[in-house]
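Below is one structure, written out as structure tokens, with a few remarks after it.
The values are calculated or read from the model by the stated rules, or taken from the named source; none is laboratory data. This structure is a prediction, so every number in the text was calculated from the model and none was measured. Ideal geometry is used to build each Cβ from the backbone, glycine not excepted, and the neighbour counts take in all protein chains shown.
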Amino acid sequence: MAWPGYSAGYGDAISGFVDTAFLVNSATNVSGLNNEILIQSLTATLSFIESGGNNLLDLISTEVVINEDGVSNVDFRVEGDTLTNLLFIDASQDNIGIGKAPTANYLLHVNQPASTSGSPTAMVVTGGAHTGLTSATTPDVDFALNRTVEFSSGNLDDITSVQIRGVTYAATAASTYTGVHTVWIHSAGTGANVSCASATPFLVGDNVTYSAHTAAFGYAAIYTPNHTVTLSGSTSPLTSEETIGACNFQQVTVTSTNAINIPDAATLFIEGPPIAGGSISFTPRGPYSIFVNAGICRFDGRMLFAKGADIASGNNITLGTDGNYFDITGTTQVNTISATNWIAGSIVVLQFDDIVTVAHNTAGTGASILLASSANFSATANDTLTLVYDGTTWREVARTAI
């Protein structure tokens, strides 16, 4: 075995090739090895140094170090069968490339080579089938991006922590794809000895603070921005009932071999409106559980509305936010109804539990009531009065005298 200027036979010691000495031993006596060379260092470190004196490779008892001196023009590259840069570590850019030399500012750049057959996948993370672990909430994959990133002053648009860009799928001949998805998240299940209190395949939102904001500030845990969907085909009309929509919720089938009653199953469940905390106020309107700012709302199924809590009669009454149908108790004359949190077009039904006079066009602290024939309504028990708010006053729509 020889290096320029040095020679040795098996078992001979060599000195002067590096800062320390090492032995070159025949591997024929090592179990499992045949006709190979075993290099054995006589000290803790074996270093390969280039002519400029920089350590290219250090073999230490506890680690292997490449480019110990941090030379900017010493890259590390591993070739594959067909890929020249199966693994490329760029010293000058301090980053790593898989499949190609990395692009600047990408700490890890994974580049999938083009294929003409098979079903290529750029990256797969396979979780381990763990057993006997200590109970913990550690995720399989954790993007720990919760840090502070500071920029120099200036305006920016759409700062993003994680961005997924969709694929354009094509075919060599006419084809039909029943579904084209950018991200598909499958549900997680439970196994033996686990009792689950809730299950959420996609959970979004956590406590967050915004130190400053503009007057146009808005927050949404899930936000679908304005965008354009262009149809280049000519098939018309489209027959699917859920043709185009920013959000599309399909039906979930819930099944069990056991008799289990679920009282309020829903495709879309909203716990309630936003809650004001600290010094926050929702004025002059809201908060709402659902706010449709424009357009026509279509409901093909039955609509179930709640009956609000009973309201005591009084000269100026305030209806609750828990329904549109209210029992009015007591016998005090009603002159106005508060318009707070009501908008033009809102409809309410009042059912009277006793003899009550509803005054026509009478001033008070709320919105006045305009009644049929410009006359007071003398309600008796079980009578109802339907009103619509026009933005200024409540107007009678219908009444029933029982």
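Is there a residue in region 235-250 that is within 31 Å of the chain's Cα centre (by Cα), part of a loop (DSSP other than H, G, I, E, B) and either closer than 24 Å to T393 by Cβ or modelled with pLDDT of 90 or more (or both)? For region 235-250, residues within 31 Å of the chain's Cα centre (by Cα), part of a loop (DSSP other than H, G, I, E, B) and either closer than 24 Å to T393 by Cβ or modelled with pLDDT of 90 or more (or both): absent. Screening the candidates T400, T384, T357 for the property of being in contact with a Ser or Thr (Cβ under 6 Å, 6 or more places away or on another chain), within 28 Å of D264 (Cβ to Cβ) and of a type in the set (S, T, N, Q) yields one hit, T384. Any residue that is within 30 Å of G128 (Cβ to Cβ) and modelled with pLDDT of 90 or more - is there at least one of those in region 167-180? Yes, the conditions are met somewhere in region 167-180. For region 299-318, the tally of residues that are small (G, A, S) and over 16 Å from Q333 (Cβ atoms) stands at 4. Assess whether T116 counts as being β-branched (V, I, T), farther than 24 Å from S161 by Cα and surrounded by 10 or more Cβ atoms within 10 Å (Cβ to Cβ). For T116, the condition - β-branched (V, I, T), farther than 24 Å from S161 by Cα and surrounded by 10 or more Cβ atoms within 10 Å (Cβ to Cβ) - is not met. Return yes or no: is D322 part of a loop (DSSP other than H, G, I, E, B), in the same structural domain as V348 (by TED's automatic domain parsing), among the acidic types (D, E) and in contact (Cβ under 8 Å) with a residue 12 or more places away in the chain? Criteria met by D322. When you look at G320, is it at pLDDT 90 or above, under 28 Å from G391 (Cβ atoms) and under 35 Å from the mean Cα position of the chain (by Cα), yes or no? For G320, the condition - at pLDDT 90 or above, under 28 Å from G391 (Cβ atoms) and under 35 Å from the mean Cα position of the chain (by Cα) - is met.
Within region 89-105, the set of residues being surrounded by 12 or more Cβ atoms within 10 Å (Cβ to Cβ) and over 19 Å from V141 (Cβ atoms) comprises I89, D90, A91, Q93, D94, N95, G97, G99, K100, A101, P102, T103.
Exactly one residue out of D75, D81 is charged (D, E, K, R) and buried (at least 17 other Cβ atoms within 10 Å of the Cβ), and it is D75.
Results for (1) assigned to a strand (DSSP E or B); (2) touching a residue at least 24 places away in the same chain (Cβ under 8 Å), shown as yes or no for each residue.
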| residue | (1), (2) |
| --- | --- |
| T331 | no, yes |
| N341 | no, yes |
| S373 | no, no |
| A398 | yes, no |
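Please verify whether T386 is modelled with pLDDT of 95 or more and assigned to a loop (DSSP other than H, G, I, E, B), treating the condition exactly as stated. In short, no. Which numbered condition trips up D158, out of (1) under 30 Å from T209 (Cβ atoms); (2) modelled with pLDDT of 90 or more; (3) not hydroxyl-bearing (S, T, Y)? Here D158 meets the rest and fails (2).
Just checking, does region 61-69 include any residue being at pLDDT 85 or above, of a type outside the set (D, E, K, R), outside any strand (DSSP E or B) and surrounded by 15 or more Cβ atoms within 10 Å (Cβ to Cβ)? There is at least one residue in region 61-69 that is at pLDDT 85 or above, of a type outside the set (D, E, K, R), outside any strand (DSSP E or B) and surrounded by 15 or more Cβ atoms within 10 Å (Cβ to Cβ).
When V110, V124 are checked against the criterion of being loosely packed, with under 10 Cβ neighbours inside 10 Å and within 30 Å of A171 (Cβ to Cβ), V124 stands alone in meeting it. Is there a residue in region 139-147 that is over 26 Å from D206 (Cβ atoms) and either exposed (fewer than 10 other Cβ atoms within 10 Å of the Cβ) or aromatic (F, W, Y) (or both)? Looking through region 139-147, none of the residues is over 26 Å from D206 (Cβ atoms) and either exposed (fewer than 10 other Cβ atoms within 10 Å of the Cβ) or aromatic (F, W, Y) (or both).
For region 71-84, the criterion of being in contact with a Phe, Trp or Tyr (Cβ under 7 Å, 6 or more places away or on another chain), more than 30 Å from A114 (Cβ to Cβ) and at pLDDT 50 or above is met by none of the residues.
Residues that are surrounded by 13 or more Cβ atoms within 10 Å (Cβ to Cβ) and in a loop (DSSP other than H, G, I, E, B) within region 289-319 comprise G308, D310, S313, G314, N315, T318, L319, listed in sequence order. Within region 144-170, residues that are closer than 21 Å to T230 by Cβ reach partners that are part of a loop (DSSP other than H, G, I, E, B) with beta carbons closer than 7 Å, at six or more positions or on different chains, in the pairs I164/T182; I164/V183; G166/T182; Y169/Y177; Y169/V180.
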